[in-house]
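First the structure, in the form of structure tokens, and then the observations on it.
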Amino acid sequence: MWLSRSKLSVVGLGLLVIGLATAQNSAQRQSVDVRRVGHHLACKCGCPDTVATCAMLECSFSNPAKQKIFDMERSGVSDQVIIDSFIKEYGDGIYRADPNSFGWIIPYSALAIGVLVIVWFVRRYYKPGTAAAPEASSLPPEALDRYRDQIEQDMAHLD
Amino acid sequence: MIIALTSLLAVVMVVFVISVRAKDLPQPEPVSPFEHLDERKASIYENLRDLQFEYRVGKLSDQDYQQTKLDLQKELATVMAEIDRVKAEIAAGRIPVPAPELVRPAAVARKPEPTKYVCPSCKAEFQQPLKFCGDCGKPMKAAKA
Amino acid sequence: MENIGALAVLLAFCLAIYAIAGSVAGKLRRNLFLIVSAERAVYGVWFLVTVASAILVSALMTGDFRISYVAQHSNRAMPMVYKFTAWWGGQEGSLLFWSWLLSSYAAVVVFTNRHKHRDFMPYVVAILSAVQTFFLILNTFVVSPFQMLAVDKLITAVPDGNGLNPLLQYPAMAIHPPMLYLGYVGFVVPFAFAMGSLITRQPGDGWIHTTRRWTMVTWLFQSCGIVLGAGWAYHVLGWGGYWAWDPVENASLLPWLGGTAFLHSVMMQEKKGMMKVWNMVLVSATFFLCIFGTFLTRSGVVSSVHAFAQSPIGKFFVVFLALGIAATIYLILDRLHYLKSESQLESVVSRESSFLFNNLVLLASCFAVLWGTLFPVISEAVSGEKISLDKEWFNQLMIPIGLFLLFLTGVGPLFAWRRTSSDSLRRNFMWPGAGALLLVIALLAAGMRNFYALISFGFCLFVAITIALEFYKGSKSISAKSEMNLARAMLELTHRNTRRYGGYLVHMGIVLMFIGFTGGAFNITRVDDMKTGESVRIGSYQLTVNAVHEGENDNYMWQSAAIGVVKNGKSLGVMEPESRVYKASRQPTHEVAIRQRPNEDLYINFAGVNGDRATVQSYVFPLVSWIWIGALTLIFGTLVALVPSKVKREYARTQVVGITRKHVAVEK
């Protein structure tokens, strides 16, 4: 699944750089072009996907829609016109915008805020060198020694 | 038929829920005032053991081991000091002797406490008379608590 | 009978309210009778919901088509097993199933704790019953499963029902929902104990010890449920994927991520008495994510392939969630001082820090999934534009986070508690680091250029070596000390601390699953319209359509293609993918043919006949089997962690007159 995306971008890059047709076989180019437009159209078969990503095999909506996009592209119609014609037919609801950067910023800024929280937490509780519990520092050394004997004894007893 | 069944169901449920008799009440275990201190102590001992094990398998440098061990011992000492403090408070009568928080209704008679046998040297208690203390191993004359 | 069912649910609702009121009043007024009576009410609720469920199930089994739920979700031709599973096949029934599971859990909790935790059990009962009441409100007043079909107030029956969705007539699908629900519902128990302990300001962390097993079992159920769902998608849906970031899938992943974070961070509290507030927040968040997941699945807020139909229950969930979250936040804020940390951080480079990062990444991924799931709704509300977020978007967002998490899985155990000097670090990092680096270089040399795949394989080996070393070093030490061979020493080691080494096994399972996920980077796909006798090449396989057959039975009509498979000149036999159309629902389904091998799966789907040609979708999925192997390892590891440790060390308690328990048992 990861590859499909990276492959796609590689293919897209190839299209840009090499200057189309010669390098690509027609089936691949077809699918790239149809998917690009299909991404902007919701599939109406009941799935949450777009025409480009609907995974149903005999999808009653996305398959004819893909064919229609392909036919229109072949007759030289621009992407926007194809999308507009779908909107005209099915209403505004069919249009799907590209994921905007907002969708990306929020999760990663949440991550950043999390890092800040950790930094705060570490600062708040970081006490290098001292014994852990706050009361420990108030414990007189001779008391510590008294208990240490008992601790050593207990530990030996346990092992 | 159906009306009879439904009313039966309802009545059975209500009776089951309402009819709590005195002997159905659970005998709650009294909670020691040292409960969480003891648990804390035990968990620090466990940490010490883990530390020793990690050191033995070679995951820790000497310095880390010594330092962490010292820290844990200090923590343990703190908990033990706290236990001693609470003991002193109880002895002085400042903290009431533990009793179940929810007092049973007076109608229910308490069972008499079973006789206890206490070790004179370590104060451990046993249900039956013993020649030697099961805890510290010292000889023990059967003394009643 | 259906009247009795409806009445039983109504009575259960009344009893649940009584249980809340009784236990709180009993606690406040110190009336033991009232408290015990409220606990009885919990058993009563279980009995009544069981009666109602039994009536519904028997109606499904016998085909009582006067009940609209039965008419909608079963039919005469369905096998008995699926008639039973129709209990949770639709909205009304599955909510009743929820209620039933919850009441069973509550009854078990009340029974096992009837002598324990007397001081906060009343609140546990109250909280469990409050959640129960909410679901019983839905069962009784909003989506009753005992709705009758009627024409002009005259109850009528239809001759035959619609039947269960044929896609769901599959063994894994029969147990997938119960597993998920067991996981969803189970988290209410740790939550109730945490809140009970918080309300009564218990010293110590008794609630953690009491609910540790609950949490693990619940987590296990959730994991099983998620994997079964993925396996079902892979084997049944016919598009070759196992995870599509569908809202409903995400809904099950959210509490799993929260629960995983909780299982880890709770160790900080047990070991050092730190992060008490955080653990309260996590256990509550996980519980509310469970409820939220149920809400997502049922309300139709986000459209999804397997969401239930639009229904009015959404607003009930919103109100319940809002009230519950508000109350929880208030409780935690009000008792912050009681949740004070008992320790400090001794060093920034320590196990403690690795836990902090583990929590960060788990929660960040939880948030990212939540965000992605709700983003279409949010963006539509804000800008009025619907946005397409598909699997690729989620993959781009989640892969880096997932890889970082994998890395932490390996790094965590290398850090020691409290402090880790650079000396110790070097010692622990050397072998895993060197191994991972070598693997990446070897893969680069072999021509692999996929960035994420390289990183992922490297981390997988890194973590695997770390875990192997943990087992090896530990058992070597034991075998040296007590003169047993290494294999027995390893068993001994695991048995001594099942929780830790079971946990490592779970990590190993995750590593194996990541190997499977990474294989997805090398999938091959093709779709062909093939005449009989025609062949195509995919990967190293040569596929030839030998023949197309068709037929029908009571339940469905079918067509199948016999496809001969040849690899490197050697015949591998014939694979027969099938496509069906179910008569009752007129729904097409696909029985894919899969040749599963550890290195790759050959996956063939027969999409149907197009003129004189068979439409064949063929895929090669490298390493996908490792996902299932990893899942089995994960389950095994969790089971190991659930086995009580062999050594239960007992520490002397401080002696108090009148207290009989003499030892603190520490179970690892």
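Comparing Cα centroids, segment C:322-353 and segment B:1-68 end up 21 angstrom apart. Shape class of the protein assembly as shown from the alpha-carbon gyration tensor: oblate, with a/c at 1.5 or above and b/c at least as large as a/b.
Annotation: amide H-H contacts under 5 Å for C:Gln147 (H modelled 1.01 Å from N, sequence separation of 5 or more, or interchain): C:Ser68, C:Tyr69.
Within the full protein context, the accessible area of C:His209 is estimated at about 90 Å² for a probe radius of 1.4 Å. Peptide packing: for C:590-596, C:411-417, C:486-492, the average count of neighbouring Cβ atoms within 10 Å per residue gives the ranking C:411-417, C:590-596, C:486-492, highest mean first. Expressed as a whole percent, the accessible surface of the protein assembly as shown that belongs to carbon and sulfur atoms is 64, based on a 1.4 Å probe.
Take each residue of peptide C:338-347, count the partner chain Cβ atoms within 10 Å of its Cβ, and average: the result is 6. Projected label points at C:Glu492 and A:Val117, each 7 Å from Cα along the beta carbon direction, are separated by 4.4 nanometres. Checking the cross-link pairs B:Lys41/C:Lys473; A:Lys44/C:Lys83; C:Lys83/C:Lys153; A:Lys127/B:Lys69; A:Lys68/A:Lys88 against a 25 Å limit on the alpha carbon distance flags B:Lys41/C:Lys473; A:Lys44/C:Lys83; C:Lys83/C:Lys153 as lying beyond it.
Look at where the Cα atoms of segment C:66-129 and of segment C:383-448 average out, and the two centres are 40 Å apart. Interface of B with C. Using a 1.4 Å probe and counting protein heavy atoms only, the two chains hide about 6100 Å² of accessible surface, both sides summed.
Using a/c under 1.5 as the rounded threshold, could you call segment C:118-237 rounded, prolate or oblate? The axes a ≥ b ≥ c are square roots of the C-alpha gyration tensor eigenvalues, and prolate needs a/b larger than b/c, oblate otherwise. Oblate, since a/c reaches 1.5 and b/c is not below a/b.
Solvent-accessible surface of protein heavy atoms, probed at 1.4 angstrom with all chains present, puts C:Met448, C:Met275 in the order C:Met448, C:Met275, largest first. Less than 5 angstrom separates the built amide H of C:Ala157 from none of the residues sequence-distant by 5 or more or on a different chain. Averaged over peptide B:62-71, the number of partner chain Cβ atoms lying within 10 Å of each residue's Cβ comes to 5. Around the Cα centre of chain C, unit charges on the Cβ atoms of Lys, Arg, Asp and Glu (plus for the first two, minus for the last two) sum to a dipole of about 2860 debye.
With the highest mean first, a sort of the peptides C:172-182, C:456-466 on other beta-carbon atoms found within 10 angstrom per residue produces C:456-466, C:172-182. Sorting the segments C:513-526, C:94-107 by their residues' average number of neighbouring beta-carbon atoms within 10 angstrom, most packed first, yields C:94-107, C:513-526. On the beta carbon distance between C:Asn485 and C:Ala442, with R0 = 22 Å, the FRET formula returns roughly 0.10. Note on C:Phe451 and C:Leu632: their simple-model spin labels are 3.6 nm apart, each label 7 Å out from Cα toward Cβ. For segment C:201-417, the number of Lys pairs separated by eight or more positions or lying on different chains, with C-alpha atoms closer than 29 Å, is 5. Note on segment C:1-169: Kirkwood radius taken over Cα pairs, Stokes-Einstein applied at 37 °C and 0.692 mPa s, translational D equal to 196 µm² s⁻¹. Each Cα pair under 8 Å and six or more residues apart adds its sequence gap; the mean of these over the residue count of chain C is a relative contact order of 10 percent. Here is the interface size for A with C: some 4700 Å² of accessible area buried, both sides summed, with a 1.4 Å probe. Tell me whether segment C:344-434 comes out rounded, prolate or oblate; compute the Cα gyration tensor, take square roots of the eigenvalues as a ≥ b ≥ c, and use a/c under 1.5 as the rounded threshold. Judged from the Cα gyration tensor, segment C:344-434 comes out prolate (a/c at least 1.5, a/b above b/c). Under a model in which nothing but the beta-carbon of Lys, Arg (+1) and Asp, Glu (-1) is charged, segment C:525-622 shows a dipole of about 300 debye around its Cα centre. The calculated FRET efficiency for the pair C:Gln596 and C:Met61, based on their C-beta separation and a Förster distance of 35 Å, comes to about 0.50. Calculate the FRET efficiency for C:Leu323 and B:Glu89 from the Cβ-Cβ distance with a Förster distance of 41 Å, rounded to the nearest 0.05. Approximately 0.50, to the nearest 0.05.
Taking every protein chain into account, the accessible area of chain C amounts to 38 square angstrom per residue (probe 1.4 Å). When accessible surface is computed with a 1.4 Å probe, chains A and B are found to bury approximately 1600 Å² between them, both chains counted. Could you work out the helix-only [θ] at 222 nm for chain C, with each DSSP H run of four or more residues adding -39,500 (n - 2.57) and the total divided by the number of residues, to the nearest 500 deg cm²/dmol? Calculated at 222 nm, the ellipticity per residue is -20500 deg cm²/dmol. Inter-chain neighbour count for A:122-128: the average number of beta-carbon atoms from partner chains within 10 Å of each residue's beta-carbon is 5. A full extension of the chain between C:Asp152 and C:Val527 corresponds to an added length of 129.7 nm, given 0.36 nm per residue minus the alpha carbon distance. Can you list which of the trypsin sites (Lys or Arg not before Pro) found in segment B:6-64 are DSSP loop residues with at most 12 other C-beta atoms within 10 Å? Answer in residue order: B:Arg21. For segment C:368-376, the Karplus equation 6.51 cos²θ - 1.76 cosθ + 1.60, evaluated at θ = phi - 60°, returns couplings of 4, 5, 4, 4, x, 5, 8, 4, x Hz by residue, with Gly and Pro reported as x. Averaging Cα coordinates gives a centre for segment C:591-641 and one for segment C:193-230; these two points are 34 Å apart.
The values are calculated or read from the model by the stated rules, or taken from the named source; none is laboratory data. None of these values were measured; they are calculated from a predicted model. No Cβ is skipped: glycine too gets one built from the backbone with ideal geometry, and neighbour counts run over all protein chains shown. Note: areas computed on protein heavy atoms with side chains; ligands, DNA, RNA excluded. Shrake-Rupley method; radii C 1.70, N 1.55, O 1.52, S 1.80 Å.
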